[in-house]
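Engineer: Shown below is the structure under consideration.
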Amino acid sequence: MKKFEVDQIKDAISYFNENGYVVFRNSFDVNEGESFWSDVENALNNGTPLKFSHYGKIYTNPDVPLEGFKIPRIIDAETHIESARRMMLHPIVRNFLRELYDGQEPTCLQTLTYKYSSEQGAHSDKSLVAPPYASSYDRESLTASWFAIEASDERNGALIIYPGSHRLEKRPIHDGFGDDYGAFVKHCIDVCLEAGCKPISFRAEPGDVLFWHGDFVHAGGPILAPHNQPTRRSLVCHYAAIPEGKGSDDPSWERVPFDGATYFRACA
Ligand SMILES: O=C(O)CCC(=O)C(=O)O
């Protein structure tokens, strides 16, 4: 898989527009990633009220619903953990998205912190990422980042991506699938395969950041290691280009500045 250097922003933008994704190597300090992860583990262990999302329900630490050995995705690390805020608006994000957004600073809509592969079926985020505090954001600007805190391959459920899938017409999740998420997944896969978009695994090295387009099809790969339970620590963030000065669409949330960019936070 082609990986770009952090100073190749313009080439990376062309590649992203063509393929729907792009990877930067060595784009953050591996120690910074590990230090973020120690903050996550400390917060889990000291009862910080991190929130988990598990099959559409929200749980609050230390009430952690385990799926076998797996803790589910943490959905608000940035609310509690300063290093999560720094990671989500890291210079690689700011530099890449400012170029993609014609000079506008990105707004981070949400973060998802994964200790293990989600093993989530193939999907496009465009009709799924709809936080009430940003209900009116421009979906065409939706972009995600995937920070590799540790290496990943098929053993620990490498992310699966469908290059070129951002260009394909798909039905949104609310278009006739009812509660059948599996039917939405099948639809996304069928659209890709019919158009010749074949899945590939993202074999990540720590320090890699992969960006994908909001309508790009991707999945959490199955964990194939036979006996142990390998982690695949990663941070996923979703961003949009939101006009400067526009506030939150939900009065219980606020859009707050961070280091020149912005993110959303529940009001205290
Ligand atoms: O990393 C994963 O397992 C899946 C991430 C994902 O699909 C997402 O956050 O939209």
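Here, each number is a calculation from the coordinates, and none is a lab measurement. Everything quoted here is computed from the prediction, not taken from an experiment. Reconstructed Cβ throughout: ideal geometry from the backbone, glycine too, with neighbour counts over all protein chains shown.
Engineer: Please state which one of 205, 154, 119 is within 16 Å of the ligand (Cβ to nearest atom) and at positive phi. Steps first, answer last, please.
Structural biologist: Working: 205 fails: at positive phi; 154 fails: at positive phi.
Answer to the selection: 119.
Engineer: Would you pick out the residues in the range 157-179 that are away from the ligand (no atom under 14 Å from the Cβ) and closer than 24 Å to residue 116 by Cα?
Structural biologist: Of everything in the range 157-179, just one residue is away from the ligand (no atom under 14 Å from the Cβ) and closer than 24 Å to residue 116 by Cα, namely 163.
Engineer: OK, next. Determine, yes or no, whether residue 111 is part of a strand (DSSP E or B), touching a residue at least 12 places away in the same chain (Cβ under 8 Å) and among the hydroxyl-bearing types (Ser, Thr, Tyr).
Structural biologist: Spelling it out, residue 111 is indeed part of a strand (DSSP E or B), touching a residue at least 12 places away in the same chain (Cβ under 8 Å) and among the hydroxyl-bearing types (Ser, Thr, Tyr).
Engineer: Residues that are of a type outside the set (Val, Ile, Thr) and over 19 Å from the mean Cα position of the chain (by Cα), at least 2 per element: which helices (runs of 4 or more DSSP H) completely within the range 1-89 meet that? Working first, answer last.
Structural biologist: Details: elements: 9-19, 30-45, 77-80, 82-88.
Answer list for the range 1-89: 9-19, 30-45.
Engineer: Related question: From the list 130, 144, pick out the single residue that is within 12 Å of the ligand (Cβ to nearest atom) and either under 16 Å from the mean Cα position of the chain (by Cα) or outside any helix (DSSP H, G or I) (or both).
Structural biologist: On the way: 130 fails: within 12 Å of the ligand (Cβ to nearest atom).
Of the residues listed, the single one that is within 12 Å of the ligand (Cβ to nearest atom) and either under 16 Å from the mean Cα position of the chain (by Cα) or outside any helix (DSSP H, G or I) (or both) is 144.
Engineer: Out of (1) of a type in the set (Phe, Trp, Tyr); (2) part of a loop (DSSP other than H, G, I, E, B); (3) more than 16 Å from the ligand (Cβ to nearest atom), the odd one out for residue 263 is which?
Structural biologist: (2)
Engineer: Moving to a separate point now. Which residues, counting only those in the range 174-215, are in contact with a Leu (Cβ under 9 Å, 6 or more places away or on another chain), surrounded by fewer than 19 Cβ atoms within 10 Å (Cβ to Cβ) and assigned to a loop (DSSP other than H, G, I, E, B)?
Structural biologist: Selection gives 195, 199.
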